[in-house]
1. Could you please let me know if P212 is under 17 Å from the mean Cα position of the chain (by Cα), in a loop (DSSP other than H, G, I, E, B) and not aliphatic (A, V, I, L, M)?
2. Name the single residue, out of those in the stretch 65-102 being at pLDDT 95 or above, assigned to a loop (DSSP other than H, G, I, E, B) and touching a Ser or Thr at 6+ places or on another chain (Cβ under 9 Å), that is farthest from W140 (Cα to Cα).
3. Is at least one residue of the stretch 191-213 at pLDDT 90 or above, at positive phi and aromatic (F, W, Y)?
4. Name the single residue, out of those in the stretch 122-168 being hydrophobic (A, V, I, L, M, F, W, C) and open to solvent by 60 Å² or more (accessible area, probe 1.4 Å), that is farthest from T217 (Cα to Cα).
5. Please find, within the stretch 210-227, the residue that is nearest to Q146 (Cα to Cα) out of those that are out of contact with any Cys (no Cβ under 6 Å at 6 or more places or on another chain) and open to solvent by less than 10 Å² (accessible area, probe 1.4 Å).
6. Can you pull out the residues in the stretch 88-116 that are open to solvent by 20 Å² or more (accessible area, probe 1.4 Å) and in contact with an Asp or Glu (Cβ under 7 Å, 6 or more places away or on another chain)?
7. What's the number of the condition A112 fails, among (1) outside any loop (DSSP other than H, G, I, E, B); (2) at pLDDT below 95?
8. Determine which single condition E156 fails, assuming it passes every other condition in (1) among the acidic types (D, E); (2) in a strand (DSSP E or B); (3) touching a Lys or Arg at 6+ places or on another chain (Cβ under 7 Å).
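The values are calculated or read from the model by the stated rules, or taken from the named source; none is laboratory data. Here the structure is a predicted model, which is why all the values come from computation and not from measurement. All Cβ positions, even for glycine, are placed from backbone atoms using ideal geometry, and neighbour counts span all protein chains on display. Each accessible area value is taken on the protein alone, full model and side chains, heavy atoms only, with ligands, DNA and RNA left out. Shrake-Rupley method; radii C 1.70, N 1.55, O 1.52, S 1.80 Å.
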Amino acid sequence: MRQKRLPSLSGYGVTWSANKRIAIVALVTTALLVLAATAAWFTGRSEHHDDSNTPSQASGSSLSEAAPKPSAGSGSVPKPPQIAEPVAFAKAAAQMLWSYDTRDTSRDQQLAGMRAWMTKETEYNDWASVSGQVPDPLLWSRMADQDQRATATVTEGHYPGAFKQALAEDPSAITEAYVYVVTVNGKQQIEWKKGGGGAEERAVTLAVQCRPNHDCTLAAIAPSVTQ
């Protein structure tokens, strides 16, 4: 029987919190010339807007998503690299998001490790879009029973066309928040005990913050992939 595995990080159905959605939309519409295509990356599905703050919206999130335990460590999750270039950082972030090992990393450790990659600027930090990619505690436990783990290979990363067009039309617009939109493509190799496994193509659109003279950080995962 095919074992359950970590869902695709580009399509887990996560809706963004109202405050974070507003912040990202404001960034995109103000700094990037109100491009409809770009705004769509960060608004999520509009039908979920009204109930985005209700407990039922949290996609199974728990207290560990809101505040990973500081003492939990990060298991096999790598530390964020010291990279100041948006595409290079986004590629490293995607590889981190597509990799996990339930044999030596608890769900809390996975969340704590991912949290370390996030920007500390709360107005641009959409932790819900990132933590929502981790399966709920029951599914993570079942994955651990099967020693499930995944590694990732990144094939390329690039700025989507609409984002490049917006920057070309107004290069100074990015200087308010220095949040860049990057799409990354790659492959995820999944394995579990008794020789089970498989591989899948992966793609994700990320918002990364790279202020001058600072290392980049992760701001959010877009609800859909834009090439």
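1. Working: under 17 Å from the mean Cα position of the chain (by Cα): no; in a loop (DSSP other than H, G, I, E, B): yes; not aliphatic (A, V, I, L, M): yes.
The answer is no for P212.
2. Going through the qualifying residues, I end up with P80.
3. no
4. Of all residues in the stretch 122-168, those hydrophobic (A, V, I, L, M, F, W, C) come to 127-128, 130, 134, 138-140, 143-144, 150, 152, 154, 162-163, 166-168.
From what is left, the residues that are open to solvent by 60 Å² or more (accessible area, probe 1.4 Å) are 138, 168.
Values: L138: 30, A168: 23 Å.
Across the stretch 122-168, the extreme among qualifying residues is L138.
5. I221
6. R103
7. A112 satisfies all of (1) outside any loop (DSSP other than H, G, I, E, B); (2) at pLDDT below 95 except (2).
8. Against the list (1) among the acidic types (D, E); (2) in a strand (DSSP E or B); (3) touching a Lys or Arg at 6+ places or on another chain (Cβ under 7 Å), E156 comes up short only on (3).
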